[in-house]
Amino acid sequence: MPVRDVGNHPGRARRAVLLIAATALVAARAAAQDATAPPQPRPAFARTEQRSRCDHYDPLRRPFFGDLHVHTAFSLDASTQGTRNRPRDAYRFARGEEVGLQPHDASGKPLRTLRLARPLDFAAVTDHAEFFGELSICETPGLPGYDGPTCMIYRRWPRLAYFLINGRASGTGSNVERFRFCGEQAADCLAAARTPWREIQEAAEGAYDRTSACRFATFVGYEWTAAPDSNNLHRNVIFRNAAVPKLPISYLDEPTVTGLWRRLDAECRRGVEGCESVVIPHNSNLSGGLMFQTTQEDGSPIDAGYAEARALAEPLAEIMQHKGDSECAVAGAARDELCGFEKLPYDNFGGKYSRWLRRAPEPSSYLRHALGQGLLLEEKLGRNPFKLGFVASTDTHLGTPGAVDERDHPGHGGAGAPATDSVPLGLSDDVEFNPGGLAVLWAEENSRDALFAAMRRREAYGTSGPRMTVRFFGGFGLPERLCAEHDFVARGYADGVPMGGDLAQPPAAGGAPRFAVRALRDPGTPGRPGTALQRIQIVKGWVEGDVVREKIYDVAGGPNDADVDLATCTPRGHGADELCAVWTDPEFDPAVRAFWYARVLENPTCRWSTRACNAARVRCGGDASVAPGFEGCCDERYPRAVQERAWTSPVWYAPAPRATPSGS
Amino acid sequence: MRVARSPLARLLLGGALLVAGERALARRGGPEQPARETLRIAAAHVDAAVRAFVARTGRSPDERERAALVAGEVDEEILYREALARGLGAHDAVVQQRLVSNMAFVAGDEDARAGAAASDAGGALHRDALALGMEASDLVVRRRLVDRMRALLEGPAAAPEPSEQELEQAVAGERDRFVRPERVRVSQVLLRRAAAGGDAGAGRAAERLLAAGLPDPARHPDAVARAGDPSSLPTHLPLQGEHDLARLFGASFARAAVSLPVGRWSGPVASSHGAHLVWVHERVAAEPLPLDAVRGQVTELVRRRRARAALVRALDGLRARYEVVVEGGAPEGAG
C-alpha cells in the first residue's frame, strides 16, 4: 500500500510516521509468522509527477549516486573566475558528456576538458540565489537600475559588493537591505531573477529522464548563502519536483534561518500545490561553531517550536565536500584514530584569509557533536532538532558535478582565483581542499519522488568520492548469522530499520540491539578497479546524565597490511571485496538515548595533491625542488595518503516516555 | 472609423506604411548604404586556431575544417565588436575585475592582485587599464564579452513555449535518440573471489555449481536465490537495460549479460564482486518512445535549436556589415 511521504506539516508528519511504523510492524509480524513467504515491499513513496515507473524498480531499494551541491556561471563567485558552464552544461556533464573548463583560448575553446568516467544517477544545480536578480539587472543595459551608482560599484568591484552585502547582515543578521536600484520592495530585482531561475528550472527539466529507463534525475534547487562575520551557515534548498516557488528565497530576502524555514513553508508547501523541500546545511566545519549551537539566532535557548521546525526542514547534512570534512573533531570526545581526514586548519572563511582570525576548529563545528547535542535537546524538549542523516557532494564551482576523482583533479574553483587566459601553474586548487564526495540515496527507483522520499527518511549516506555500496540496519530481532543468509536485505527491512530510522522499543524480555552492516567495494570502471575495503566501524553516541559519550568499534575487517607507495601511488597489501558484520551493542542501556552510524574505510590511496606533486616532480626536505605554485606539496599539515570512506546516516534510539503522552 | 481607432489596426497600418516606404526608397536606390567596415583576421590568429585544433585532435584540419575555423574566428570577432558597441564591456563585473587585476600586475602591486578588485576602491587601476586599451587586447575580457553577446542574441528566441507540432517534429527527427533501449530480464548467482581464492577459483566454483545442476530460476526461484555465496545483490532482476545492470554489477558485466542466450545458464561472467552464472529470461528489443515520455527533454532540445538559429540569423545580419579580409588567404566576402 503506498503511504504518503512525510511532509513538512507537523500533524501530517506525525500521522505519516505512525502509519509507516504501523505498516512496518504489520509487515514484520507477517514475515515472522511465515518465514518462507517472500518479503513484502516496504511502504512505497507517493507519485506526484507525470512519469513512467522505472524499469529497474526494486522494492528492496538500490543505491543511487549523485551530487546535490553544484555551482555554475550563475554563481558570482564562479563567473568571476571564468566558469562558463551553465546549469544545462552541468547536467550534460553529470550525464557523462564532456564539458570545457576555463581558461579558454582566444577563439573561445576551453584549454581543459573533463568527462566523468561514470555518469551520475542524479544531480541538483544549487547556484547562490543571492544576486540572481542583481546580476541580471547590473548586466543588462536598459533595465531600470543598470546605470545607478550601486550597479556601477557592483560591476566594478563584485567581490567588494559581495562582502558589503554579507557584512550588512553580520551581527544580528536581521536588517539585510536590498540595493536601492532594486525598486520598491525589491520588485525590480525579483523580476529580473526570474530569468536565471527559469533557466535553472528548464535545464533541470530538460536533463530529467522521465522515461522508464530512468537514466538520470535532476532537482531544482539553490543555495541560501548566509555567512555572518564570515561564519558559514550556508544551506542548499532542494525541491521535490517541478512545483517550486516563483523565486528562490535568498539570504537577501530572508537573513535568518528560521525565516527561511517559515518562508519555505509559506511559499512552497502552502504556496504552490505539490511543492516540498529539504534544506541541507553544509560546511559546518567553517561555521565557527555556529551551525549547531544550542541557542537560536536571537541568543535564546532552542525551544520545542524551533526544534520541531528545524527537524522538519532539515533531515540531512553534508558531511564532506570539496572544502573539507565535517564529521568529527580530531580533538573530539572519543578516541578516534581515523577521524583525521580532509580537515581544514581553520574554522571559518576569515581564518583562511587572515592569520589573526584563524582558530582551530572546535568539536561544536562537527556533525558528530551535533548528533550528541540533539540527544540532549530531545531529552529536554521532546524533539531532536539535529536528527541529521548524511550525504556528501562536491560544491564544485566549475559546473562539474561528480568530478570526485583524485587523479588529475582540475580543482573545483575553491581557491576562487580570478579568471586567467592560461592554466595557472601549480596545484589546481588550494592544497587543503579536495575533490569532494557523493550523495547516495537508497530508493526504489531513480525518480525524483523516490529519491526525495529517501532524503526525507534519511535513507542516505555520503562517500568521499568512491561508489561503495553500504547497507546498514538496526533492530532487536536481526538474526545473528545474517551475513551468511541469502536474504540479508529483506530480513534487514523486515526485522530492523535501515539507516536514518528509529529503533523500536526493546522486547519485554530485554536484550540489546543488533546492527547489520554490509559494504561492497566500488566496482570501479573497466581498467580502473575500485580500491579494496579495509574495515567497517560503528560510531556510537549516547547520553550519560547531561554529557554525551562517544565510542568507536571496529566491527568488520580492521587494521591490515595495506598501504600505498607514495612515489608511484600503487596500492600494496590486501583488502576485501566485501565486508559484512552483525554487531550487538555490548553496552546498551534501554533507559538512555543513543545513535549509531557506520563508517566504511578503503585501503590507503594517494591524495589528489600527492598525485599532482608527483607529476610535477616536487621534492621536499633537504634537497628540495619545488616548482612555483607547488609549495603546498611540502606543507606537512596535509597527509600524502588518505583512506576514502563512506558514512551512513545514523539509527537512533529513544526510550519510551514514562508517562502516557498527552495526545498524539 | 471604429477600425481605425483600434490599436491593432493602427499598428498594422503604421507597419504597412513603413514597409512600403522602405521598399520605395530601396527601388530608388535608397539612401547611401553605410560603407562596410573592414574586419581583418590576422594570419597569426588563424595559425593559432589551427594549432589549437592540432593540439585537440592530433591532426591537421582538412580544407572544410580549416574554413570552419576561420568562420569561427570571424564570428567571434563580430560578436566581440558588437559587445563593445553595445557597451557591455564598460559594465561587466568579470571584465572589470580582470582589468583591475591586470593593471595591478603591471604595477607590481601584489596586495592589489591578491585582493583583486576590492582594493581598487578609487577605480584608478581600472581607468588606467582602459587608457592602455587593455579591454581590446585581453583574452579573458574578449571571451567574456563574446559569451555575453552570444547569450543576448540567443536568449529571447528560446523563451516561448514550443508548440505541440514543433515537439512532434523534433521527436520524429531524432528517432535514434528518443528510444527505449533494449531490455533483458536476468537472474544471477554469485561466487565470491574471497570464498574461492581468487578469480580463477571463483570461476571454477561457478562451473562446479553449473555441473551439479542449477535449476531453472523461473520454476525454482528460491532454490536459485539460495545458491552461490550470500550477498546483498539481488538474484532476480526486473526487465531492464544495460545501464541499469551496470549500476549494480559494473560496465563489463552488463555488456556481457545483455548478449547472452535466452533460457539457459551462461557464464561464469566476471564482475568486481566475483564470478556470476547468468540466466536470461527474456529480451525485449529497443522501441521508439512517444512524445509524452520525453516532453521535457524535447522541449529543451527545441529551445536550444531555436537559440542556435537565432544566433545564426543575428550573425548573418551582423556579418553583412563587414568586409572580411583573412590575411594570408583569399577574402571571405560578406557571407
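The values are calculated or read from the model by the stated rules, or taken from the named source; none is laboratory data. Keep in mind the model is a prediction, meaning the values are calculated, not measured. Glycine also receives a Cβ, built like all others from the backbone with ideal geometry; neighbour counts cover every protein chain displayed.
Observations
- Yes/no for A:His412 being free of Cβ contacts under 8 Å to residues at least 40 places away in the same chain and either part of a loop (DSSP other than H, G, I, E, B) or closer than 15 Å to A:Arg61 by Cα (or both): no
- When A:Lys343 is tested against (1) more than 30 Å from A:Arg269 (Cα to Cα); (2) part of a helix (DSSP H, G or I); (3) under 18 Å from the mean Cα position of the chain (by Cα), only condition (2) is not met.
- Residues that are among the basic types (Lys, Arg) and surrounded by fewer than 19 Cβ atoms within 10 Å (Cβ to Cβ), drawn from region A:309-351: A:Arg335
- Condition met for A:Glu550 (part of a loop (DSSP other than H, G, I, E, B), among the acidic types (Asp, Glu) and either surrounded by fewer than 23 Cβ atoms within 10 Å (Cβ to Cβ) or at negative phi (or both)): no
- Identity of the residue in region A:213-240, β-branched (Val, Ile, Thr) and more than 14 Å from the chain's Cα centre (by Cα), that ends up farthest from A:Gly259 (Cα to Cα): A:Thr218
- Filter pass, A:Glu379 being surrounded by fewer than 24 Cβ atoms within 10 Å (Cβ to Cβ) and within 30 Å of A:Ile536 (Cβ to Cβ): yes
- Any chance B:Ala246 is within 11 Å of chain A (Cβ to nearest Cβ) and within 30 Å of B:Leu291 (Cα to Cα): yes
- Of all the numbered requirements in (1) free of Cβ contacts under 8 Å to residues at least 12 places away in the same chain; (2) farther than 18 Å from A:Cys580 by Cβ; (3) in contact with a helix residue (DSSP H, G or I) (Cβ under 6 Å, 6 or more places away or on another chain), B:Ala205 misses one, and that requirement is (1).
- Conditions (1) surrounded by fewer than 18 Cβ atoms within 10 Å (Cβ to Cβ); (2) without any contact (Cβ under 8 Å) to a residue 24 or more places away in the chain; number of the one not met by B:Asp244: (1)
- Here the strands (runs of 3 or more DSSP E) wholly within region A:431-522 that include at least 2 residues being within 14 Å of another protein chain (Cβ to nearest Cβ) and small (Gly, Ala, Ser) are A:514-520.
- Meeting the requirement of 2 or more residues that are over 33 Å from the mean Cα position of the chain (by Cα), the helices (runs of 4 or more DSSP H) wholly within region B:172-260 are B:193-196, B:198-211, B:221-225.
- Residue count, region A:622-663 (criterion: outside any loop (DSSP other than H, G, I, E, B) and either of a type in the set (Lys, Arg) or at pLDDT below 95 (or both)): 6
- Count - residues of region A:291-308 that are under 19 Å from A:Leu367 (Cα atoms), surrounded by fewer than 21 Cβ atoms within 10 Å (Cβ to Cβ) and among the aliphatic types (A, V, I, L, M): 1
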